[in-house]
Amino acid sequence: MRSQLDWLESLSPWPEEFGLGRIQALLAELGHPERAFPAIHIVGTNGKSTATRRAAAFLAREALSTGAYTSPHVAGWSERIQVDGEDVDIERALERVRDASKRLSATQFEVLTAAALAEFAAAKVEVAVLEAGLGGRLDATNVLDARVVALTNVALDHTDVLGETREEIAAEKLAVVSPGAVVVLGEPEWEGLARAKGASEIVPADDIGRAAAEAFLGRGLAGDVDISLAGRFNVVGEDVFAGAHNPAGVDWLLARLPRSDYVVVASILADKDVRETLRLLARAGRALIATASRSARALPAEELAHVGDEFFECVEAVAEPEQALARARELAGDDGAVLVTGSLYLLADLDVRLQRIPWESSAKG
């Protein structure tokens with residue numbers, strides 16, 4: 001019999017048409033697990049995973065049993081669903097929802113979302129923090145009636161689905177706000193939109209995770225928490241492994257890199273702003289090793305290299321990620337450094353695992 005993960009990986013990650021019908025039907029068959037606990041919903045272009053894990057860590061520190069749901073994964077599927085800071089048994093979680101999911105032809109992300117919600121209900125968590133996958137209005141996580149919604153930031157990404165302006169994208173993301181919810185905003189310009197959606201209170205914040213936890217608890221929190229989040233800013237010697245899948249993410253990364261002479265290894269999804277991403281990455285180093293993650297959406301290495309020729313002095317295309325990393329280290333030599341970046345799927349292919357680091361080093365997940 002195929003394992004639950006084999007089955008999950010056989011599913012389409014994208015629906016033929018976006019909508020909430022399948023996830024609503026699936027949750028109904030599962031007895032509406034999403035109604036078993038209060039929730040915090042994290043939306044935004046960048047930084048959602050970090051905000052989710054930080055909010056969950058603060059709440060767990062306050063002795064609340066806490067669920068956390070993030071995407072995508074780097075170290076393994078199980079890292080997407082955590083209870084009290086520990087990865088769940090992903091095979092068990094998937095088995096719980098498999099039959100109903102198959103009947104309804106649920107997508108991969110819908111299955112994972114249902115599995116997370118059902119796992120949280122079974123664990124009797126006292127609160128769950130969930131990261132939206134894409135946008136908000138038609139995302140599978142938009143079933144929560146969340147007490148707190150946090151919008152990290154808004155940049156031009158997934159414009160074919162979410163809209164061509166930041167205003168349109170913000171409206172899609174804040175569509176998850178239920179009347180009476182507290183809305184945490186990383187960018188104050190969206191206050192009017194949040195109030196129009198029915199927000200009862202607006203909380204401006206730089207530290208989204210902390211502010212979301214405080215809004216849920218209704219009080220301030222002292223101290224800090226450390227989180228472990230693979231592939232967001234992993235430092236190994238002089239090398240840096242940090243996903244930055246769009247120009248806004250690259251801007252954030254550039255401000256935190258300790259040097260500017262890296263050999264850059266990058267894979268970028270074809271539906272991203274490839275040219276602008278590479279233009280910015282050229283500030284991190286003069287050499288680019290273009291590669292392609294195993295995602296079906298990845299731009300082929302040769303095409304990525306062709307775009308990179310405009311911005312880098314030295315460009316090579318190496319299709320296999322492991323070989324690309326080896327070639328970059330060869331070019332960097334003993335005194336140089338390698339930056340592996342772009343799509344988080346590349347980090348997953350290289351099996352990057354993150355040591356515990358202060359949150360400031362991982363604030364774009």
Step by step: first the residues of the stretch 161-176, then only those that are closer than 22 Å to V129 by Cβ and among the charged types (D, E, K, R), then the one that is surrounded by the fewest Cβ atoms within 10 Å (Cβ to Cβ). Which residue is that?
E172
Any idea which of (1) modelled with pLDDT under 95; (2) assigned to a strand (DSSP E or B) is the one P72 doesn't satisfy?
(2)
Can you find a residue in the stretch 42-58 that is open to solvent by less than 10 Å² (accessible area, probe 1.4 Å), among the basic types (K, R) and in a helix (DSSP H, G or I)?
yes
Take the residues of the stretch 1-31 that are more than 19 Å from E119 (Cα to Cα) and touching a Leu at 6+ places or on another chain (Cβ under 8 Å): which is most open to solvent (accessible area, probe 1.4 Å)?
F18
Identify the residue in the stretch 237-282 that is over 23 Å from V154 (Cα atoms) and not in a strand (DSSP E or B) and, among all such residues, is least open to solvent (accessible area, probe 1.4 Å).
Y262
Please indicate, with yes or no, whether at least one residue in the stretch 78-91 is open to solvent by 40 Å² or more (accessible area, probe 1.4 Å), under 18 Å from Q4 (Cβ atoms) and in contact (Cβ under 8 Å) with a residue 24 or more places away in the chain.
yes
Could you please tell me which pairs satisfy a Cβ distance under 9 Å, a separation of 6+ or placement on different chains, a first residue in the stretch 14-35 that is under 19 Å from E126 (Cα atoms), and a second residue that is surrounded by 14 or more Cβ atoms within 10 Å (Cβ to Cβ) and at pLDDT below 95?
E34/D145; R35/D145
Subset of the stretch 179-193, residues touching a strand residue (DSSP E or B) at 6+ places or on another chain (Cβ under 8 Å) and either open to solvent by 50 Å² or more (accessible area, probe 1.4 Å) or closer than 21 Å to L20 by Cβ (or both), comes to A181, V183, P188, E191
Answer yes or no: is there a residue in the stretch 209-221 that is open to solvent by 60 Å² or more (accessible area, probe 1.4 Å) and in contact with a helix residue (DSSP H, G or I) (Cβ under 9 Å, 6 or more places away or on another chain).
no
Would you confirm whether or not the stretch 106-123 contains a residue that is open to solvent by 30 Å² or more (accessible area, probe 1.4 Å), more than 17 Å from W14 (Cβ to Cβ) and either among the basic types (K, R) or at pLDDT below 95 (or both)?
no
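The values are calculated or read from the model by the stated rules, or taken from the named source; none is laboratory data. Remember, predicted model here, so these are calculated numbers, not experimental data. Methodologically, a virtual Cβ is constructed for each residue, glycine included, from the backbone with ideal geometry; neighbour enumeration extends over all protein chains shown. SASA here: full protein model, heavy atoms, side chains in, ligands and nucleic acids out. Shrake-Rupley method; radii C 1.70, N 1.55, O 1.52, S 1.80 Å.
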